[in-house]
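The values are calculated or read from the model by the stated rules, or taken from the named source; none is laboratory data. Source: prediction; values computed, not measured. When we count neighbours, we look across all protein chains shown, and the Cβ atoms used for this are built from the backbone with ideal geometry, even at glycine. The protein model used for the area step is the full one, side chains on, heavy atoms only, and it has no ligands, DNA or RNA in it. Shrake-Rupley method; radii C 1.70, N 1.55, O 1.52, S 1.80 Å.
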There are 4 protein chains.
Amino acid sequence: MSASELLDHYRLQACSLQWRGFILAMAAEFAEALPDADVARLMARIGERFARDHRLPVVDTLAELESAANAVWASLSWGVVTLREGSTEVRVEHLAAPLTALLAHHAGWNTSFLEGVYRVWFREAGMLPSLDLEPGQGSSADVSRYILRRVS
Amino acid sequence: MSASELLDHYRLQACSLQWRGFILAMAAEFAEALPDADVARLMARIGERFARDHRLPVVDTLAELESAANAVWASLSWGVVTLREGSTEVRVEHLAAPLTALLAHHAGWNTSFLEGVYRVWFREAGMLPSLDLEPGQGSSADVSRYILRRVS
Amino acid sequence: MSASELLDHYRLQACSLQWRGFILAMAAEFAEALPDADVARLMARIGERFARDHRLPVVDTLAELESAANAVWASLSWGVVTLREGSTEVRVEHLAAPLTALLAHHAGWNTSFLEGVYRVWFREAGMLPSLDLEPGQGSSADVSRYILRRVS
Amino acid sequence: MSASELLDHYRLQACSLQWRGFILAMAAEFAEALPDADVARLMARIGERFARDHRLPVVDTLAELESAANAVWASLSWGVVTLREGSTEVRVEHLAAPLTALLAHHAGWNTSFLEGVYRVWFREAGMLPSLDLEPGQGSSADVSRYILRRVS
């Protein structure tokens, strides 16, 4: 078995068997009933709600914010995030999120749930509204990327 | 700790921790955006889709149908169903479904997903359209009840 | 389905399907190879090791110790503990531990793992050696009981 | 994050969080108390017992045996096996077993549980005693290899 088949196997296992069928059916229903942009907005709103139900403690630095977010994700087996500060932006890279992985065939909106989560978490950490979160380049089944860009 | 607290604890654990937060946020979003009857129809359509993705083998008796359905549910840790034949109806009692339990506060539609699943499974088993599936009395967090009634 | 069957179902589901077969086979092997008292000692040593791998933060009160222990248990879906102070003893009641439940047919030692865990946690909290932990009366598949008794 | 870190993350997630701590503590206890060869024998006996508790249906071909074994493994989220027939041997390659992965630091016996399972399954399928199962070369955290060799 190749390295890629091994990764495919582990990626699928990372999503609880109990919910795979339900989530896939729900996603197919959404995809049939609504345009991609509308599903993206719906998933983002679900993410925003999730973020308000899982508030992070008040923190002072980006490193502490990353650590607080990862405490939530680790407790739920929902992957790992890294936050990297650039000169004009923060790069968000969320690895191994089960929803992103399971819905990789819905590339128009499989990263939108996490987008909503991070938007609320960054806002509540006081990093918005001078910054704006947007999808980044290069998301895949394994990685969801976002950019938190300074609004001029 | 009382027997009822014990049951509450086990009931919650029966739903994978990985998906509790997502499902609750999704349900809250639906409940805010749509009337109960519309969410019920949406959940039923998701259930119908799930049933078509998890087809049962062809069977001859109600007991075999129950057994085939339970093979699916057991493989997903999704509770247990009993099908009981009366003179003019079949009573469906699904115990310990994680979605029904987690969304017990959405009593208007927390049993609708399974309603959609059973409607398709019964139809494909050739038991419809001379029968019609409808919600039964006495559903709770622990039990989803339906009646499959002969259409006159 | 009766309330007792419902509880049986939920209790079994509380133990991850992935490990049920392995743990049952391991327990049967132990039970055949060793007297109960030896398996009890082995399980307690495994529990002591687990406790050293999952250290609790330093706390000042029994309520804080209970809360710190429950943070560990909740993160692992390993039930809930209550610590109740009496005049001469502390009563430990651990509800819904998956190992205790799954191995209820090995009543001689199915609570010994947790006994080892609590012995180390109480010792590291400075509550031993003036106190000694021993199995309490009335343990069952759902509840593991211990008494932390003042040594005269 | 590199491909290797991604794989490390998924590999760990493939083992139910509920049991990681217990299994690691149990393994450490075994490793301290017994020589590797004895732990290997113990794990193999646990595997043999597991196999007798999870009997495969009677099959006619190696492909059917592989399929029957994989039905068990899939239902338990316990990886995937391939059985490949050579001129004088059968090569067994079990991918993504959570026990093998979690105990990769116990290379002397982390594949012994599955060795016991396959020995019993091959024996009951009538493929032994003219064949003998032995550990193969090149096992790792992700792959457990065995060879079923014709006994001369």
Worksheet item: Between copies, how far does the label point of D:ALA31 sit from its twins, in nm, shortest first, when each point is 7 Å from Cα along Cα→Cβ?
Response: 2.9, 4.3, 4.7
Worksheet, complete the sentence: Computed over chain B, the relative contact order (Cα-Cα under 8 Å, seq sep at least six) in percent reads 27 percent
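Using a 10 Å cut-off on Cβ to Cβ distances, tally the other chain neighbours for every residue of A:4-11 and report the average as a whole number.
Details: counts 0, 3, 9, 6, 1, 7, 14, 5.
Mean partner-chain Cβ count within 10 Å for A:4-11: 6.
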Worksheet, complete the sentence: Computed over chain B: longest principal axis from alpha-carbon atoms vs helix B:17-33 long axis, angle to nearest 10 degrees, is 80 degrees
Discussion item. Distances in nm, one decimal, shortest first, from A:GLU124 to the same residue in every other copy, taking the label point 7 angstrom along Cα→Cβ.
Written reply: 3.0, 4.1, 5.1
Worksheet item: Of D:VAL58, D:GLN13, D:MET26, which is farthest on the positive side of the dipole of chain D, counting Cα position, with +1 on Lys and Arg Cβ, -1 on Asp and Glu Cβ, and the Cα centre as origin?
Response: D:VAL58
Worksheet item: Label-to-label distances across copies for B:ASP8, with labels 7 Å out along Cα→Cβ, in nm, shortest first?
Response: 2.6, 4.2, 4.6
Worksheet item: Once you treat every alpha carbon in the protein assembly as shown as an equal point and sum by Debye, what is log10 I(q)/I(0) at q = 0.07, 0.08, 0.11 Å⁻¹?
Response: -0.49, -0.65, -1.23
Worksheet item: If amide H atoms are built 1.01 Å from N in the plane of the peptide, which residues on other chains or at least 5 residues away come under 5 Å of the amide H of D:VAL143?
Response: D:ALA96
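In the range B:45-79, which trypsin sites (Lys or Arg not before Pro) are in a loop and have at most 13 other Cβ atoms within 10 Å, using DSSP for the loop call?
Answer in residue order: B:ARG55.
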Item to complete: Please work out which residue of chain A brings its Cβ closest to the axis of the rotation superposing A onto D, and round that distance to whole Å.
Response: A:TYR10, 2
Worksheet item: Using the alpha-carbon atoms, what tilt in degrees (0 to 90, nearest 10) does helix B:36-53 show relative to the longest principal axis of chain B?
Response: 60 degrees
Worksheet item: If you wrap a convex hull around the C-alpha atoms of the range A:3-150 and split its volume per residue, what is the figure in Å³?
Response: 117 Å³
Worksheet entry | Per residue solvent-accessible surface (Å²) - chain D, probe of 1.4 Å | 43 Å²
Item to complete: Compute the long axis of helix B:112-124 from its Cα atoms, compare it with the longest principal axis of the Cα atoms of chain B, and write down the angle in degrees, 0 to 90, nearest 10.
Response: 20 degrees
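Using a simple charge model, +1 on the beta-carbon of Lys and Arg, -1 on the beta-carbon of Asp and Glu, nothing else, what dipole does chain A show about its Cα centre, in debye to the nearest 20? Spell out each step's value before the answer.
Details: 14 positive and 19 negative charges, 44 e Å.
Computed about the Cα centre, the dipole is about 200 debye.
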Discussion item. Give me P(r) over the range C:1-63, computed from all C-alpha to C-alpha distances, binned every 5 Å, as integer percentages.
Written reply: 3, 13, 12, 14, 18, 16, 12, 9, 2, 0
